[in-house]
Amino acid sequence: MNKTFLLFSLSLTTMAVNAQQTPAQQSVNTLRQLMRPHRSQNVSQLLHAQSASAKTTASNERLASYAIYQFDGSVMKIADSSKYWYSNPRGSEFDFTDMYYDDYSNEPKVQSDSSVNYYTGNNGFDLGNGSASTYNAAGKLDTKLGLVSNPPGTPLANNVQSFFDYDAAGNIKAIYMLTWNGTSFDSASKTVYTYNTANKALAYMQYQKVSGVWAPTGKSENTYDGSGNLTQTLYYSYSGPVPDTSARTLFTYYANNKLQTQTEEDYNGSGSFVPSTLDSFGYNGTDFYTFDETRDWNADSNRWDKSSLETRRLNGANLPDTIYFYGVDSATNDYVVNFKTAWKYNANNNPVETIGVLDYMGNMIELAHYYYYYEARWDLGVANVAKNSSFTVYPNPANNELNIKSKQAIAGNVVVQVVNNLGQVVMQTMLAGSDNMKLSIAALQPGNYHLSLTDARGNKLMAQAFVKQ
């Protein structure tokens with residue numbers, strides 16, 4: 001039974017966005033699928049909520065881009081890269097539960113206005129997809145446009161569009177997803193949420209537009225204890241107008257209300273539920289878990305059998321330093337390490353590098369390598385960064401040359417990047433740092449562009465829009 005479309009926090013909108021992810025994102029999306037493919041979305045939702053205070057992204061820093069390198073059987077090659085643009089003061093937060101930057105869910109922690117993604121395909125490193133988002137006055141996602149390059153390398157084109165509706169308390173009330181039919185957007189699906197007086201999600205309903213009529217496709221119902229902890233989620237599927245019981249998830253908690261266990265059970269069609277998987281969580285003085293054991297139900301022996309184990313070693317800042325993933329040795333029934341990830345952080349406790357290593361027949365193979373890059377976060381619009389910071393860019397509009405003037409001389413070389421409105425990097429060059437730098441833009445076509453300046457350490461110094469006449 002496939003429960004994916006029934007998960008508590010996973011709407012059809014999210015699935016549509018996921019569907020346009022590049023192959024690299026789908027295969028090693030921050031290594032999560034390889035690390036914990038069984039993790040259900042409602043469990044992640046609970047773990048995220050209780051670890052909110054662990055998010056350490058500094059208020060003056062936000063994710064600017066990342067790059068993924070993968071092992072192709074012989075060497076490490078770049079496989080995926082994304083770039084983000086923001087309107088201040090929105091930024092990003094790193095998720096220490098699933099150890100990734102969420103840039104595509106219904107409540108993304110990377111609150112960019114736009115993004116582009118490149119990936120390695122049959123024709124090399126090409127433009128893959130992108131997005132454009134708007135936010136309401138409360139900073140919540142209002143609309144999201146999913147763009148796709150099809151075939152890869154061609155300009156981005158419409159793919160899916162989502163609209164978000166909120167109640168007076170700021171809870172998501174409904175999400176509408178539209179798909180592009182080649183000439184316009186058509187309604188495709190919607191998800192409707194209901195809440196109790198404590199603003200806890202009670203239920204959601206998913207619908208698909210069929211012949212102009214909204215037909216239900218999935219449903220969930222939640223139960224809470226006196227402390228407000230989710231204790232049960234019931235899932236239903238639809239083969240007609242009446243819902244069919246499909247599965248349920250049960251939750252238990254420690255005395256401090258941290259999640260202790262979650263049990264997945266399938267409905268047997270005869271009035272009872274059959275155990276499937278059991279996850280047990282442990283904590284080491286942290287809001288996020290540092291221990292997660294998964295066991296599978298053995299119906300023949302009527303017992304829980306070992307399946308996998310995840311443990312996290314912490315650094316001096318109490319953040320995950322190395323994460324170990326264990327499988328089970330069939331001969332001894334003991335856990336053995338078969339995969340691990342090592343994490344490096346900058347002075348703001350944001351990750352800058354991740355290395356994923358696979359134990360293959362006793363040989364440690366570097367499977368994936370992630371690099372994260374950040375920019376300074378200002379409480380003002382991108383177009384006004386230069387005017388209100390220590391930089392001035394002129395003339396704007398410009399014909400053949402831009403002057404980049406700084407109040408203080410910049411030591412060392414700087415990287416200048418120019419991106420067009422399609423998100424394509426059309427110029428990248430290095431200039432010797434000074435208090436007055438000149439950039440030739442004679443080769444650019446007339447249009448609107450974004451200019452960014454980065455120092456030798458990868459710190460974003462400035463960003464500004466400009467017009468080439």
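Worth a mention:
- In region 345-364, the residues that are over 19 Å from the mean Cα position of the chain (by Cα) and assigned to a strand (DSSP E or B): 357, 358, 359, 360, 363, 364
- The residues of region 266-276 that are modelled with pLDDT of 95 or more and among the hydroxyl-bearing types (Ser, Thr, Tyr), listed by number, are 267, 272, 276.
- Residue that is touching a Phe, Trp or Tyr at 6+ places or on another chain (Cβ under 9 Å) and part of a strand (DSSP E or B), where the choices are 311, 286: 311
- Pairs, first of a type in the set (Val, Ile, Thr) in region 301-317, second surrounded by fewer than 17 Cβ atoms within 10 Å (Cβ to Cβ), C-beta under 7 Å, six or more apart: 311/291; 311/324
- Of 70, 111, all but one fail to be of a type outside the set (Val, Ile, Thr) and either outside the structural domain of residue 259 (by TED's automatic domain parsing) or within 22 Å of residue 345 (Cβ to Cβ) (or both); the exception is 111.
- Looking only at region 209-235, residues that are over 26 Å from residue 254 (Cβ atoms) and either over 27 Å from the mean Cα position of the chain (by Cα) or at pLDDT below 95 (or both) come to 8 in all.
- Residues of region 127-153 satisfying the condition of being buried (at least 17 other Cβ atoms within 10 Å of the Cβ) and more than 16 Å from residue 164 (Cβ to Cβ): 127, 128, 129, 130, 147, 148, 149, 152
- Candidate set: region 105-116, residues that are over 13 Å from the mean Cα position of the chain (by Cα) and assigned to a strand (DSSP E or B); chosen: the one surrounded by the fewest Cβ atoms within 10 Å (Cβ to Cβ): 114
- Counted residues, region 353-376 - those being in contact (Cβ under 8 Å) with a residue 40 or more places away in the chain and of a type outside the set (Phe, Trp, Tyr): 9
- If you filter region 385-419 down to residues that are part of a strand (DSSP E or B), more than 21 Å from residue 87 (Cα to Cα) and of a type in the set (S, T, N, Q), you find that the one that is modelled with the lowest pLDDT is 413.
- Exactly one residue among 259, 250 is over 27 Å from residue 329 (Cβ atoms) and in contact with a helix residue (DSSP H, G or I) (Cβ under 9 Å, 6 or more places away or on another chain), and that residue is 259.
- Of all residues in region 70-90, those being surrounded by fewer than 21 Cβ atoms within 10 Å (Cβ to Cβ) and part of a loop (DSSP other than H, G, I, E, B) number 8.
- Within region 155-213, the residues that satisfy the criterion of being surrounded by 13 or more Cβ atoms within 10 Å (Cβ to Cβ) and either among the polar types (S, T, N, Q) or at positive phi (or both) are 158, 159, 161, 162, 171, 179, 187, 189, 191, 194, 206, 208.
- Residue within region 356-365 that is modelled with pLDDT of 90 or more and either surrounded by fewer than 17 Cβ atoms within 10 Å (Cβ to Cβ) or not aliphatic (A, V, I, L, M) (or both) present: yes
- Filtered by the rule that a residue be more than 28 Å from the chain's Cα centre (by Cα), without any contact (Cβ under 8 Å) to a residue 60 or more places away in the chain and farther than 16 Å from residue 227 by Cβ, region 246-285 gives 267, 268, 269, 270, 271, 272, 273, 274, 275.
The values are calculated or read from the model by the stated rules, or taken from the named source; none is laboratory data. Quantities reported herein were computed from a predicted structural model and do not represent experimental measurements. Cβ coordinates were reconstructed from backbone atoms using ideal geometry, including for glycine residues, and neighbour counts include every protein chain displayed.
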